[in-house]
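Participant: Sharing a structure with you now.
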Amino acid sequence: MEKSIKTSIARTASAGWIGYARGFHLVAAWLLVFGGLAPDGVHSRAIGQSATDGLQGEVPSPLQTTQPEPAPEVLQAQKQRIEAMRVASQATVGVFGVDGQGGGSGVCITPDGYVLTNFHVSSPFGHRMRCGLNDGKMYEAVVAGIDPTGDLAVLKMYGREDFPVAKIGDSDRVRVGQWCFAAGNPFVLATNLQPTVTYGLISGVRRYQYPAGTILEYSDCIQTDAAINPGNSGGPLFNAQGELIGINGRCSFEKRGRVNVGVGYAISIRQAMNFFWHLRSGRVLDHATLGFTVATDAKGKVTVSNILESSDAYRRGLRYGDEILRLDDRQIGTTNQLKNVTGIFPPQWRVALRFRNETDTVDTAIRLQNLHLPSELEEIVKGESSEEPRAPPKSPQQEPEDTPNPESPDTEQPKPGEPPKGAPPGRGLRGKEGASRKEKDSLADRYETKRGFSNYYFNRVELDRIVALQKPRNQWPKSDEAWVLSGTVVGETTNVQTRVTDGVIGFTLGDKTESVDSKRGWTPWIQQQSLVSLAFALRTWQQWHQSGPRMMGEAIYIGRSPLVGRTGLFDTTRITLGEVDSVIYTSPETGTIECIELFTDNQSDPAEIYFEKVQRNGGREIPERVRLAFGLETRLVVDIARSEWEPGTVLDSGKEDAGKEKGGD
Amino acid sequence: MKFRVPIFLAVIIAEFLANAPMQSLARESFGPVDSGAERIDASEESDLEVLLGRAERSVVKLYGAGGARGLESYQSGVVVGDGSLILTSWSTVLDVDKVRVVTFDGRRLDAEIAGVDPQCELALLRVPNSGLLGFELDPQNIAKIGQRVFAITNLFGIAAGNEACSSQKGVVMAMSPLTTRKGAMKTLYQGRVVVVDVMTNNPGATGGALIDLSGRLVGIVGKELRDEQAGIWLNYALPMDVIKNSVDRILSGQANMAAANTQAVPQPHRLNDLGIALIPDVIPKTPAFIDWVREDSIAARSGLKSNDLILLVNDSRVDSRKGLERILSTINRGDSFAVLVQRGQELIKIQVRP
């Protein structure tokens, strides 16, 4: 009997190899369990011989039994699974060093080649790597942004404009008991550029995993028993339909060595997509903190135990002792749940909060703040990144037995003396890049260093994209004449006029007029929450259209962020204008400015100016309804009736018709 | 006398002195009963989601003594019967007055040990008014080779507070007795086990549930077991008929280890006469660790050594130093008795002959 068990194990293993060669189907999962770690069958024999004695029960030999034809629904389910894996495998990326050494995984999510992976996969390679797809080709790639806290990185592959992409799933709908599969490059098996697929069950959802080592924190992650091994890091976790639900990156190992023991964790795709455009900005990203801490009392109430008076939450009325009920529309019953929600959002995003104080239940939205100082992030990145190959994976004997924290599976490294794995140099490269790689890095012009950035090149790419979006509707006069907007306060007859020039900003409300220098002295007005802030935003609007973001001050593309009361995400650019930081939200489709926030510091509310109606006329965009708010409170809404340029200065030829125009109704 | 405290005990003492053996729970806490309510419409859930969603409500997280190298202070438990009993593995985690139970919805309950069965290394805890649904203990639910099973355990202590335990899928590979070749597999239980193909038997998983596709309990996940020679970890569970039998024996008192009912004898064994010094009795339940053994004493000749942890005497459970003294007080000085000790990771049976 024992013999027949061993025979069937051996058969399974060999079937695994065949399947792998054919196209890495489901059987590849068996490989890891039976054959992958012990091709000689040592492990399975050991269980058969010394753990058990005289196996009981009938094990029919596959050769002797006539199997009935499987039910049609079983065959159908198998067919669907094979198809889901086939499609999903196309977008699965093997990440290697430029010389083919090392290895991790990734997943392509845009046709032009943006790849999601782990920070701990990309960091050993520095900024340059090569990505293998299952079309059998290697593509040159460069790092864009990194998120050391959330363990994410975005790479950009070059060589195609039609890369296969993974379909983004909804990780909020992942439940225990659903089937899933991981694809990737465990143990750098994918040297033939065919990913290994491992099938499993969702074991847990909304898990919080404490920072391991430095600051790597997994919040709200998905736990699976699909085999996640060293080298799987950064690779995709798909649901049964082949939709991307997570980025694999961490395992619980403890005393059994650095191989899977049935517990792997994936960063939810929701978190990854929240950070995706931030990562495309080429920045070193930070994570968020709420500005307050909580304690859980004996009755299960989560209450504020400490709060920074400088935090947005404090300004929105949250106080010590208040009970936290919901964050981002999720019920909060434990500290872990609060950390889970906080961890999936970038700083500066606003998140809905419901809390209860002594008298009321309050619904508000709070702006998240940075978790680390820029200098702290720099230290971390310096510590983690290295062009040197890492030490080979520890053997099980060396593994500390009392490590309670799960660890990240390292990227696999070749053992000393082993030839580097991976495809032969130049394999699959497009002619020009392949030929020039030896002499000069073909992607040298796709990498720029700058403090606070992992690759500043990508920040310029995104800013250029925004400018290009607006260009067709941006024929503004390139001169310094005054731009005068006249209108009325909504629901009133009070007249409002703004008059902005390069020298002075004028703001008239009713019969009162204020004048402020166009370049400096805005801070007291904004901090006193003056209505003049509306005119500052219009000055910013004018400059943005007239000179472009770069001519105004230091312009940095931040990523995409939500706006209160609006659906979707908006491109976000921060421009430093003297002592004021303008954060400008533009539509990702049209480039139209949706909102301008004017920050004087992190201690007080910014002025928020929403452009609720915009008229497109004569190659220009002119605000039609503008709303000023501080905190979440609207202070002024103006309907603009007229937009004029005061004559006296030379207009661009052919643009005279735009000099005067009547607003809408 | 030199004062030597094994690291294992040092940690326990530290925890007791802090009056907080539950400090490892700091990151979890109560949750409202309805907090698991972020579920999508029942109509969208697959049968398996429903099945596991129900089953994981009957698996609890247990916290007790331990916390040092290789000895976790947490494990899993399965609610059985009418909900007032929790079945789990008998381990050093239970060496506390009250075992802390944390339910799927984050409630913390205190459990008392109703009884233990050393042969099967099972323990039954009592929790009045848990409000939990228990699994039925049906000896007919015998796992079959090739059968699809699911393990629900709190492996690695991943779940905390109102988080549900972890679910893993597997297939029954074999039904086989555990063979204890000395030094190869350190286990007291030597009967049949359900061997599964998934790595269930991780730290903290012991005492968890193995269920079938109908949601019936087919096994209790066993302790971590490693073949010292091959280095292979075995993934297994105790089968239902063994469990049912063990629970019946515990409940009927046949396996109950309480020595309280036994009369003290006029001339009992004394530790000093045996040649044993235990580590000082400093906490309410100081484990019965042998600090040193006098040369050429009864204990030394029988093979007891310093640092041995005495677990059983004549099949009676030794939960503390005081417990050991109480049991010894019931054994005549002239009679031999059997002890079970833990030496490092090894369990050793020793006959003490005066």
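Participant: Yes or no: segment A:574-581 includes at least one residue that is among the aliphatic types (A, V, I, L, M) and within 23 Å of the chain's Cα centre (by Cα).
Facilitator: Within segment A:574-581, one or more residues are among the aliphatic types (A, V, I, L, M) and within 23 Å of the chain's Cα centre (by Cα).
Participant: Quickly run through segment B:95-108 and pick out the residues that are farther than 20 Å from B:Ile152 by Cα and of a type outside the set (Val, Ile, Thr).
Facilitator: B:Asp95, B:Asp97, B:Lys98
Participant: Name the single residue, out of those in segment A:90-113 being at pLDDT below 95 and out of contact with any Ser or Thr (no Cβ under 8 Å at 6 or more places or on another chain), that is nearest to A:Ala227 (Cα to Cα).
Facilitator: Filtering first and then ranking leaves A:Phe96.
Participant: Scan A:Ala313, A:Ala298 and give me the residue that is within 14 Å of chain B (Cβ to nearest Cβ), more than 17 Å from the chain's Cα centre (by Cα) and aliphatic (A, V, I, L, M).
Facilitator: A:Ala298
Participant: Residue check: is A:Asn232 more than 14 Å from every other protein chain (Cβ to nearest Cβ), within 21 Å of the chain's Cα centre (by Cα), in contact (Cβ under 8 Å) with a residue 60 or more places away in the chain and crowded, with 24+ Cβ neighbours inside 10 Å?
Facilitator: Considered against the rule, which asks whether it is more than 14 Å from every other protein chain (Cβ to nearest Cβ), within 21 Å of the chain's Cα centre (by Cα), in contact (Cβ under 8 Å) with a residue 60 or more places away in the chain and crowded, with 24+ Cβ neighbours inside 10 Å, A:Asn232 comes out as yes.
Participant: Let me ask you something else. If B:Asp105 satisfies every condition in (1) in a loop (DSSP other than H, G, I, E, B); (2) without any contact (Cβ under 8 Å) to a residue 40 or more places away in the chain but one, which is the exception?
Facilitator: Exception for B:Asp105: condition (2).
Participant: Another one. Can you say whether A:Ser518 is under 22 Å from A:Ile622 (Cβ atoms), among the polar types (S, T, N, Q) and at pLDDT 95 or above, as far as the supplied structure shows?
Facilitator: no
Participant: Taking only segment B:97-114 into account, find how many residues are buried (at least 24 other Cβ atoms within 10 Å of the Cβ) and at pLDDT below 90.
Facilitator: Counting residues in segment B:97-114 that are buried (at least 24 other Cβ atoms within 10 Å of the Cβ) and at pLDDT below 90 gives 0.
Participant: Is one or more of the residues making up segment A:260-282 within 11 Å of another protein chain (Cβ to nearest Cβ), under 27 Å from A:Pro347 (Cα atoms), among the hydroxyl-bearing types (Ser, Thr, Tyr) and buried (at least 24 other Cβ atoms within 10 Å of the Cβ)?
Facilitator: Yes, segment A:260-282 contains a residue that is within 11 Å of another protein chain (Cβ to nearest Cβ), under 27 Å from A:Pro347 (Cα atoms), among the hydroxyl-bearing types (Ser, Thr, Tyr) and buried (at least 24 other Cβ atoms within 10 Å of the Cβ).
Participant: When the residues of segment B:126-157 are narrowed to those that are out of contact with any helix residue (DSSP H, G or I) (no Cβ under 8 Å at 6 or more places or on another chain) and buried (at least 24 other Cβ atoms within 10 Å of the Cβ), which ends up nearest to the other protein chains (Cβ to nearest Cβ)?
Facilitator: B:Leu155
Participant: Based on this model, can you work out whether B:Ile211 counts as under 30 Å from B:Ser166 (Cβ atoms), modelled with pLDDT of 90 or more and within 14 Å of chain A (Cβ to nearest Cβ)?
Facilitator: So B:Ile211 fits the description; yes.
Participant: Filter segment A:235-259 for residues that are under 30 Å from A:Glu462 (Cβ atoms) and in a loop (DSSP other than H, G, I, E, B); which is farthest from the other protein chains (Cβ to nearest Cβ)?
Facilitator: A:Gly235
Participant: Residue by residue through segment A:458-480, note down the ones that are part of a loop (DSSP other than H, G, I, E, B) and buried (at least 18 other Cβ atoms within 10 Å of the Cβ).
Facilitator: A:Trp476, A:Pro477
Participant: Looking for whichever is in contact (Cβ under 8 Å) with a residue 60 or more places away in the chain, within 14 Å of another protein chain (Cβ to nearest Cβ) and not charged (D, E, K, R) here; the options are A:Phe187, A:Phe181. Which one fits?
Facilitator: After applying the criteria, what remains is A:Phe181.
Participant: Anything in segment A:542-562 that is modelled with pLDDT of 95 or more and either part of a loop (DSSP other than H, G, I, E, B) or of a type in the set (D, E, K, R) (or both)? List them, or say none.
Facilitator: If the condition is that a residue be modelled with pLDDT of 95 or more and either part of a loop (DSSP other than H, G, I, E, B) or of a type in the set (D, E, K, R) (or both), then A:Arg560, A:Pro562 are the ones that fit.
Participant: Can you go through B:Val195, B:Val171 and tell me which one is of a type in the set (A, V, I, L, M) and facing another protein chain (nearest Cβ under 10 Å)?
Facilitator: B:Val195
Participant: Moving on to the next point. Do you know which of the residues in segment B:68-90 that are surrounded by fewer than 21 Cβ atoms within 10 Å (Cβ to Cβ) and of a type outside the set (D, E, K, R) is farthest from A:Arg175 (Cα to Cα)?
Facilitator: B:Ala68
Participant: Ok, one more. Just to be sure, is B:Ala111 closer than 13 Å to B:Ile250 by Cβ, not in a loop (DSSP other than H, G, I, E, B) and not β-branched (Val, Ile, Thr)?
Facilitator: No, not satisfied.
Participant: What number of residues within segment A:190-217 are away from chain B (no Cβ under 11 Å) and at pLDDT below 85?
Facilitator: Looking only at that region, the number is 10.
Participant: Could you tell me whether A:Gly145 is among the small types (Gly, Ala, Ser) and part of a loop (DSSP other than H, G, I, E, B)?
Facilitator: So A:Gly145 fails the test.
Participant: Applying the selection to segment A:561-585, what residues are polar (S, T, N, Q), within 19 Å of A:Gln542 (Cβ to Cβ) and surrounded by 21 or more Cβ atoms within 10 Å (Cβ to Cβ)?
Facilitator: Matches in segment A:561-585: A:Thr573, A:Ser582.
Participant: Can you tell me which residues in segment B:207-229 are touching a residue at least 60 places away in the same chain (Cβ under 8 Å) and among the basic types (Lys, Arg)?
Facilitator: Within segment B:207-229, B:Arg216, B:Lys223 meet the criteria.
Participant: Here's another thing I want to ask about it. Is there a residue in segment A:128-146 that is closer than 23 Å to A:Gly559 by Cβ and within 14 Å of chain B (Cβ to nearest Cβ)?
Facilitator: no
Participant: Find the residue count for segment A:495-539, including only residues that are in a loop (DSSP other than H, G, I, E, B) and in contact (Cβ under 8 Å) with a residue 60 or more places away in the chain.
Facilitator: Result for segment A:495-539: 3.
The values are calculated or read from the model by the stated rules, or taken from the named source; none is laboratory data. Predicted, not measured: the structure shown is a model, and the values here were computed from it. Quick reminder, even Gly has a Cβ in these numbers, built from the backbone with ideal geometry, and neighbours come from all protein chains shown.
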